[in-house]
Amino acid sequence: MIAVFPGSFDPVTLGHLDILKRGSQLFDEIIVAVLNNPNKTPLFTMQERINMLQAVTVNIPNVSIETYSGLLAAFAKKRGAKFILRGVRSEVDFAYEVPMAQANKQLMDELETILLITDPAYAYVSAGLIREIAAAGYVASDIDFDDKVLDQWVSPAVKHMLKNKYM
Ligand code: ADP
């Protein structure tokens with residue numbers, strides 16, 4: 001059983017990692033599929049995002065990292081994956097995931113979307129929130145920002161990369 005776990009991972013959070021760890025118990029293999037979106041300029045380059053994903057998943061043997069662009073269903077088919085793994089933080093995430101799952105099933109009949117409910121500790125954590133806090137904290141000189149606060153949301157490798165990006 002192969003699943004793809006698609007996303008932007010800009011940057012990878014402990015919320016992503018929690019879904020990956022739990023997913024790795026459910027599937028034989030998980031391919032993290034990093035979206036290459038030409039219409040968006042991410043904070044971290046594709047190579048940086050691949051590096052951080054490799055760093056945080058080094059102890060999960062059945063996880064590999066790849067990039068994709070275009071249709072996720074086509075990428076899944078090419079890789080022989082019959083499952084899409086997604087994390088759900090809220091009703092907002094759920095409302096977004098339902099039509100996506102239905103469309104992906106329409107595109108490729110055997111493609112099932114599996115939704116894992118977030119650990120409550122990470123329910124409010126998004127990559128965007130981390131970018132905002134790191135940007136404001138590292139760049140603003142008028143507040144006493146202790147970057148230990150980031151440890152509850154991102155791994156040490158990711159924190160290091162955030163610091164390098166903003167300082
Ligand atoms: P984000 O929404 O943080 O920008 P992505 O778009 O890269 O992240 O999301 C990839 C997948 O990870 C999606 O299924 C998303 O719902 C899930 N995810 C992101 N953050 C969390 C979290 N804190 N807890 C559980 N799942 C999450």
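The values are calculated or read from the model by the stated rules, or taken from the named source; none is laboratory data. Keep in mind the model is a prediction, meaning the values are calculated, not measured. Note that each Cβ is placed from the backbone with ideal geometry, even for glycine, and that neighbours are counted across all protein chains shown. Heads up: the accessible areas ignore ligands, DNA and RNA and are worked out on the full protein's heavy atoms, side chains in. Shrake-Rupley method; radii C 1.70, N 1.55, O 1.52, S 1.80 Å.
Just a few scattered comments:
- You will find that of Ile65, Ile19, Ile60, the residue that is more than 10 Å from the ligand (Cβ to nearest atom) and crowded, with 18+ Cβ neighbours inside 10 Å is Ile65 and no other.
- The residue list Val34, Val92, Val88 contains one member that is exposed (fewer than 15 other Cβ atoms within 10 Å of the Cβ), closer than 21 Å to Tyr122 by Cα and of a type outside the set (Gly, Ala, Ser), which is Val92.
- Residue among Tyr124, Tyr138 that is part of a helix (DSSP H, G or I), more than 16 Å from Asp10 (Cβ to Cβ) and among the hydroxyl-bearing types (Ser, Thr, Tyr): Tyr138
- Pair list, Cβ under 9 Å, 6 or more apart: segment 155-167 residue free of Cβ contacts under 8 Å to residues at least 24 places away in the same chain, other residue loosely packed, with under 15 Cβ neighbours inside 10 Å and in a helix (DSSP H, G or I): Lys159/Asp151
- Filter pass, Ala81 being open to solvent by less than 30 Å² (accessible area, probe 1.4 Å), in contact (Cβ under 8 Å) with a residue 40 or more places away in the chain and assigned by TED's automatic domain parsing to the domain that holds Gly23: yes
- Verdict on Phe83 being in contact with a Phe, Trp or Tyr (Cβ under 9 Å, 6 or more places away or on another chain) and closer than 17 Å to Gly23 by Cβ: yes
- Check on Glu112, touching a Ser or Thr at 6+ places or on another chain (Cβ under 9 Å), closer than 26 Å to Phe27 by Cβ and among the charged types (D, E, K, R): no
- Set Phe44, Phe83, Phe75, Phe27: member being among the hydrophobic types (A, V, I, L, M, F, W, C) and within 19 Å of Val158 (Cα to Cα): Phe44
- Failed criterion for Met108 (all others in (1) at pLDDT 95 or above; (2) surrounded by 12 or more Cβ atoms within 10 Å (Cβ to Cβ); (3) hydrophobic (A, V, I, L, M, F, W, C); (4) more than 12 Å from the ligand (Cβ to nearest atom) hold): (1)
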